[in-house]
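See below for the structure under consideration.
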Amino acid sequence: MFNTVVELKQINKCQSVLLENLSASLQLSGNFNIGFPGGSWNETIKFNDEIWFHHFEIADDATSPRYWNGFGLAQNLSNNKSNNIVVEINIPTNGINRRVAGFFAENEMGEIGLFHRGGLGGGRKGVGKQAFLRWSSYELTPVLTDGINETAILVGLIESDNFPAKLYQFLLNIEGFKQLATSGEINEATYISDEELLERILNENPKQNRPKKSTSETTGYERSEFVKEFALRKANGECQLCRKDGPFKTKSGRNFLEVHHIDWLSKGGLDIPKNVIALCPNCHRTMHYVNNQKDIEKLKSTAYEQAL
């Protein structure tokens with residue numbers, strides 16, 4: 001069992017050990033523009049072929065004084081643009097502060113771990129700790145904090161020789177996860193349980209069953225991500241018309257399929273489970289251009305059985 005380090009003197013020591021380990025591995029330095037899409041600044045950072053790192057202390061924040069530790073991927077370093085911070089693993093210097101994502105904790109053998117609480121979705125609704133854990137190979141590690149049992153992601157043991165490699169894998173996982181979240185390939189519906197998925201569909205605003213029109217150069221319809229996820233899960237990677245696997249794997253590992261409304265939304269069809277089906281791109285085009293009545297009846301029967 002790990003125990004959270006809460007005394008300032010010990011936190012300072014742990015931060016120093018972290019810096020020593022990283023300094024031994026990140027032996028290059030240079031001035032780069034770093035930050036987030038919302039803002040960036042120039043700093044001298046340390047890096048190697050895999051990781052870049054910058055740190056400083058924020059002591060003038062009355063509610064959240066902390067050590068700021070920012071990490072990025074060196075393979076993307078550029079002198080011509082801002083270099084995105086993949087993750088901050090900040091350490092509170094005022095004891096226990098759960099608003100700050102990082103902390104140190106020590107186990108029975110005296111080993112110090114660097115932990116992250118797991119809020120890694122970039123502020124996107126429903127795309128956070130649980131989604132990251134289900135997408136990645138990480139498991140939560142038990143931690144005792146002032147007598148309270150908690151869990152967090154163990155990045156690595158800061159005195160270990162393999163800590164930089166563990167940190168690099170953590171960054172790669174976060175970067176991949178954020179890319180999927182940004183592209184919309186994963187969303188609030190992707191990693192919830194089947195029971196919660198059905199509950200969310202049932203509890204959605206009834207007005208969403210008949211999607212709102214959104215008009216630009218063409219007319220589109222707002223669709224429920226929960227209903228879409230329902231159709232994809234029921235198909236399990238297989239087109240529900242030709243019964244062949246989707247033509248390729250997506251970045252999230254699924255066979256690619258498209259969700260089709262059997263009674264078209266443009267003709268008053270509803271965005272509900274018994275009106276959606278997952279099809280390969282070829283069959284999807286076929287349904288929109290040919291829309292054979294026998295195929296319609298086949299899909300309606302499948303969708304109805306799935307919705308029971």
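The values are calculated or read from the model by the stated rules, or taken from the named source; none is laboratory data. A quick note: this is a predicted structure, and the numbers were derived from the prediction, not measured. FYI the Cβ positions are ideal-geometry reconstructions off the backbone, even for glycines, and counts take in every protein chain you see. Quick note on the areas: whole protein, heavy atoms, side chains included, nothing else; ligands and nucleic acids left out. Shrake-Rupley method; radii C 1.70, N 1.55, O 1.52, S 1.80 Å.
What the table below lists for this structure:
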item: Residue in region 44-53 that is under 27 Å from Ile11 (Cβ atoms), hydrophobic (A, V, I, L, M, F, W, C) and open to solvent by 30 Å² or more (accessible area, probe 1.4 Å) present; result: yes
item: Those residues of region 189-208 which are open to solvent by less than 30 Å² (accessible area, probe 1.4 Å) and either part of a helix (DSSP H, G or I) or of a type in the set (D, E, K, R) (or both), in sequence order; result: Leu197, Ile201
item: Selection count where residues are in contact (Cβ under 8 Å) with a residue 40 or more places away in the chain, within 22 Å of the chain's Cα centre (by Cα) and not in a helix (DSSP H, G or I), scope region 125-149; result: 6
item: Residue within region 217-225 that is at pLDDT 85 or above, hydroxyl-bearing (Ser, Thr, Tyr) and surrounded by fewer than 17 Cβ atoms within 10 Å (Cβ to Cβ) present; result: no
item: Within region 82-119, considering residues that are among the small types (Gly, Ala, Ser) and at pLDDT 85 or above, the one nearest to Glu188 (Cα to Cα); result: Gly118
item: Filter result (within 25 Å of Asn173 (Cβ to Cβ) and either surrounded by 18 or more Cβ atoms within 10 Å (Cβ to Cβ) or acidic (Asp, Glu) (or both)) within region 56-74; result: Arg66, Tyr67, Asn69, Gly70, Phe71, Gly72, Leu73, Ala74
item: Index of the failed condition, Thr286 passing every other in (1) at pLDDT 90 or above; (2) under 24 Å from Asp194 (Cβ atoms); (3) polar (S, T, N, Q); result: (2)
item: Residues satisfying the stated conditions in region 176-186, i.e. in a loop (DSSP other than H, G, I, E, B) and surrounded by fewer than 20 Cβ atoms within 10 Å (Cβ to Cβ); result: Gly184, Glu185
item: Residue in region 261-274 that is of a type in the set (Gly, Ala, Ser), farther than 21 Å from Arg200 by Cβ and buried (at least 16 other Cβ atoms within 10 Å of the Cβ) present; result: no
item: Residue within region 120-135 that is at pLDDT 90 or above and open to solvent by less than 60 Å² (accessible area, probe 1.4 Å) present; result: no
item: Region 242-264 residues that are of a type in the set (Asp, Glu), paired with ones that are assigned to a loop (DSSP other than H, G, I, E, B) (beta carbon under 7 Å, 6 or more apart); result: Asp245/Gly237; Asp263/Gly269
item: Restricting region 138-150 to residues that are of a type in the set (A, V, I, L, M) and within 10 Å of Ala105 (Cβ to Cβ), the residue that is most open to solvent (accessible area, probe 1.4 Å); result: Leu144
item: Residue in region 101-109 that is surrounded by 14 or more Cβ atoms within 10 Å (Cβ to Cβ), of a type in the set (Gly, Ala, Ser), free of Cβ contacts under 8 Å to residues at least 40 places away in the same chain and part of a strand (DSSP E or B) present; result: yes
item: Hits in region 151-175 (condition: in a loop (DSSP other than H, G, I, E, B) and either open to solvent by 10 Å² or more (accessible area, probe 1.4 Å) or over 11 Å from Phe115 (Cα atoms) (or both)); result: Glu159, Ser160, Asp161, Asn162
item: Region 1-57 - residue that is among the charged types (D, E, K, R) and part of a helix (DSSP H, G or I) and, of those, nearest to Asn94 (Cα to Cα); result: Lys9
